[in-house]
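Reading through the structure tokens given below for one structure.
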Amino acid sequence: MKDILVHLFIMTFPPHIYQIFMLTRYYKREKIRNRFLMGILMGFSGIFSISYPVMYLVPDFYWDLRGVPLLLAFMYGGYYGGFTALGMMLIFHGMMFPSFGVSDAILYAAGFVPVLLRARVFYQYPSRKKIALSLLYAGIGTAALLLWLSYIVSHHGFVWKDLLPQVSLLTVVQLLLPVLLILWFQHMLRHDQMSIEIQKAEKLQHLSDLAASVAHEIRNPLQVTRGYIQISQKEADEKLGRYLNIAIGELDQAEKIISEFLLFAKPELTETGIINIGDSLHQAVTMLEPYASMSGAVIRLSCEDDIFIEGDPSKLKQAFVNLIKNGIESTQTDGLIRIHGHIRKQKAVITITDNGSGMTKEEIQRLGAPFYTTKSRGTGLGLMVTTRLIDAMRGKMRFASEVGKGSEVMIIFPLSAKKRVSISGE
């Protein structure tokens, strides 16, 4: 039991180090070195397990837990982390133990199982699915070891009854240890993600206060300037009048930007109620069809009936207009914007897909950040405002894109509880 507790401590040490130094970058996934770090840490943990096996059951057969760090390396470090840990273990084993037994081959072969279980996308799975996959992996490895142990016992005259207590304990540890480590790792991920969200919210709050203050200070002199220009238009000749019209147009554009600043600073829902998603999408598409036609794009809308949410109709329409307009502007000739609304798992889901230029992973990660834009001419306020409005209506946005193929934004809202009750009662 003492050896098992020591191994448990060693297994939990690498994730703790990873959390301290690199966990925030794990979420950003900006560089491959984070996954290599996971592989190196888990590789050292596996080397310790090889050096100090948990238990020698019979001659030529010892039981260690190298498969557990190898599992975590593949599942949280992807292929880079997994093969890094596997390579470290193989090199160490070859240097320290030149004789390579069948049990060793089974242990290392089991390390490739997570690859077959799509290790590349494992970090995206929910906790329950991760635990299920870890149990499957641990079960396969443990079953292989038990079969080999049975072969040794039957051919060398050992008595199973003498080995049963140790084998039972090791089997339970082999199955449950990955589950415990995954639960702990998920807890660390959630804690770190909460810290990131809190920091982001604090930055947005400071920026909102600054935006509101600056917008109010600038709006007043702009309105005064516009008033004097309008007075001057009455006495201006034709040429000067054209210049003054241009000046008023630029002031109106500045006023629009200031209004977006204020909306970003205080995304208040002034008129909340039950909204039909189909109606809002139809209104947004109707507004943008002339703009799409001028840009050489076509909008195709399909939406299920009776999708109702709670929110501000005008603000929701504005959010849809901003997102559809972004899709139109990302396309070149023969642009196609597909919009689909449907209900999935008691949620209203709206997808807006375009066949535009697409975005890189780094660009997707920065979407919605203050003043970030992928356009050559733009302030980045449109998507910021849209994000704030959808958040205010308890919605979420998810982006997916591929360079050269296009982008997709998915908006998810909770269905209106009042409408669900009335529909179910019909």
Please report, ordered by residue number, the helices (runs of 4 or more DSSP H) entirely within the range 329-426 with at least 2 residues that are at pLDDT 90 or above. none
Output for the range 132-154, where each listed residue is under 24 Å from Met75 (Cβ atoms), of a type outside the set (Gly, Ala, Ser) and free of Cβ contacts under 8 Å to residues at least 24 places away in the same chain: Leu136
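The values are calculated or read from the model by the stated rules, or taken from the named source; none is laboratory data. The structure displayed is predicted, hence computed values, not measured ones. Cβ sites come from the backbone with ideal geometry, for glycine too, and all protein chains shown count toward neighbours.
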